[in-house]
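Computed from the coordinates by the stated procedures, all read-outs in this text should not be read as laboratory data. Just so it is clear, the structure is predicted and the values come from calculations on it, not from any experiment. We place every Cβ from the backbone using ideal geometry, glycine too, and count neighbours over all the protein chains shown.
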Amino acid sequence: MKRVFILVLDSFGIGYSEDSEQFNDFGSNTFGHIADYCNFRKANNNRFGNLNIPNLISLGLAKIYYKIHKCLPSGIIQSKYIISSYGFSSELSTAKDTSSGHWEIAGVPVLFEWDYFKKNTNSFPNVILKSIISKFNLSGILGNCHASGINILNDFGEEHIKTNKPIFYTSSDSVFQVACHEKYFGLNKLYKLCKFIRILLDKYNYNITRVIARPFIGEKKYQFVRTGNRRDFSKPPHKNTILKKLIIEKNGNVIALGKIADIFANIGITKKIHATGLDCLIKKTIEQIKIATNNTIVFVNFVDFDSIWGHRRDVSGYAQGLEFFDMQLPKILHSLYDEDILIITADHGCDPTWSGTDHTREFIPILLYSKFIKNNYLGHRNTFSDIGQTISKYFSLSPMKYGISIF
């Protein structure tokens, strides 16, 4: 029985990549800087001391770090016994966003340029805004700027409740984000609005990766919080991913947890499972490992590392999340069968100590655990698509265009 489990620790980069200067990210290091802060007791909010992730270390995480940086992360003690294969990868795609990273993992790097809303204010084209206002009979919109998710709610949340005007904002990523109150605006109306914006952007040839619905609750400034009902309305992958090929060539199953189905625009997905929060996602992952059948990929994105701790530059939260994931990791490993492959990786960096609130261009770790594959150093991979090519070979599928199989 052949089964693959891909666990993406969203934004868990392992050090600036060779092209990081092009992205103004030279020196960024998500893993290393979190370890530094923990070691110097600068990440003690709801936790204390050195970063404690012994199970990830036993899979080879510190070994990867040493191969890149010629030193261990601060406060990390190397494990005597490494129980998986380990390596790291550069990104071939032109961008450092979620879609590009995940598609490249699935064998389809993004070699074209996304469009972006580059203006910090009055960010969105008038032709788009006028069509939205007319279609939904709105009295106007709020925001229309570059902003972080929490600040935009504090700035416009109360006015949104009073006027029912949706809050539009973007970032350095190729995204159109829409924040609306679940109670006063309504969740279904928010989804309809975002779906229409997706259609509108495509109609006017704006090559934007995702329209993101950002529902929130709360009554007053500084009390607004996002809910778990986020949805991404994505561009579909431009080529068949390894997910789609497994379905076509083997009549296989692809189980998507978290935001994976949204990232791939529901293409190459046979079942999607909604789960919010790190604890819930881990539990759902273990449930799926226990019931997954032959020719199955279970693909999970642990988004909290990115959206809650990375973008918000919360080092303590990020460290606490890693430590919680690490504590649950033995349950995941013990649920695997002899012929299974478990891959733990990331899609980009988001160094919580870095300036700004955006992603960082970094190497990603590749931890490949399987009882039938001899543990070894996988080296420096030139593209995340080596993961997809490896999965293709494992399932005896036709080769992907990009990537070299790891084994």
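Each part gets one Cα centre, and for segment 337-407 versus segment 62-87 those centres are 16 Å apart. Counted over the chain, the DSSP beta bridges are approximately 35% antiparallel. One decimal place: the segment K221-M327 gains 34.6 nm when fully extended, by the rule 0.36 nm per residue minus the C-alpha distance. State which stretch of the chain is the longest one without any exposed GluC sites (Glu not before Pro), exposure meaning a DSSP loop state and at most 12 other Cβ atoms within 10 Å. For GluC sites (Glu not before Pro) (loop position, at most 12 other Cβ atoms within 10 Å), the longest site-free span of the chain is 220-407. For the chain, relative contact order (Cα pairs under 8 Å, six or more residues apart, normalised by length) works out to 29 percent. The order of V175, V254, going from fewest to most other C-beta atoms within 10 Å of their C-beta, is V175, V254. In plain terms, the C-alpha convex hull of segment 126-234 casts an average shadow of 6.0 nm² when viewed from every direction. If you build a Gaussian network model of the chain, linking Cα atoms that sit under 10 Å apart, which residue out of F112, F196, F264 swings the most? Fluctuation is largest for F112.
Rounded to the nearest 5, what is the percent of antiparallel bridges among the DSSP beta bridges in segment 82-238? Walk me through the numbers on the way to the answer.
Working: 10 of 21 bridges.
In segment 82-238, DSSP labels about 50 percent of beta bridges as antiparallel.
Entry note, segment 126-234: relative contact order of 24 percent, from Cα contacts under 8 Å with a spacing of 6+ residues. Which links in K189/K283; K271/K401; K244/K271; K119/K239; K118/K220 stretch past 23 Å when you go from one Cα to the other? Exceeds cut-off: K189/K283; K271/K401; K119/K239; K118/K220. Given in Å, the Rg to one decimal and the Dmax to the nearest whole number for the Cα atoms of segment 273-341 are 13.4, 40. Highest GNM mean-square fluctuation among I391, I167, I133, for the chain modelled with Cα contacts below 10 Å: I133.
Please build a GNM for the chain, connecting alpha carbons under 10 Å apart, and tell me which residue among I152, I387, I297 fluctuates the most. Answer for the Gaussian network model of the chain: I152. At full extension, T276 and V127 could sit 50.1 nm farther apart than now, given 0.36 nm per residue minus the alpha carbon distance.
Ranked for footprinting exposure by Cβ neighbours inside 10 Å, fewest first, C280, C180 give C280, C180. Among residues other than V175 with Cβ under 14 Å from its Cβ, the summed charge is +2 (Lys and Arg +1, Asp and Glu -1). For the chain, the membrane-span-like helix rule (DSSP H, alpha carbon extent of at least 18 Å along the helix axis, mean Kyte-Doolittle at least 0.0) picks out 187-203, 278-291, 315-334; this says nothing about an actual membrane. Across the chain the C-alpha pair distances fall into 10 Å bins from zero in the proportions 5, 23, 33, 25, 12, 2, 0 percent. Panel order for T360, T94, T121, T345, by other beta carbons found within 10 Å of each beta carbon, from fewest to most: T121, T94, T345, T360.
Sequence gap at least 6, Cα distance under 8 Å: using those rules, report the relative contact order of segment 16-71 to the nearest whole percent. Don't skip to the end; give the middle numbers.
On the way: 26 pairs, mean separation 10.0, N = 56.
Dividing the mean separation by the residue count of segment 16-71 yields 18 percent.
Counted residue by residue at 0.36 nm each, then reduced by the alpha carbon distance between them, the extension gain from N44 to N251 reaches 69.7 nm.
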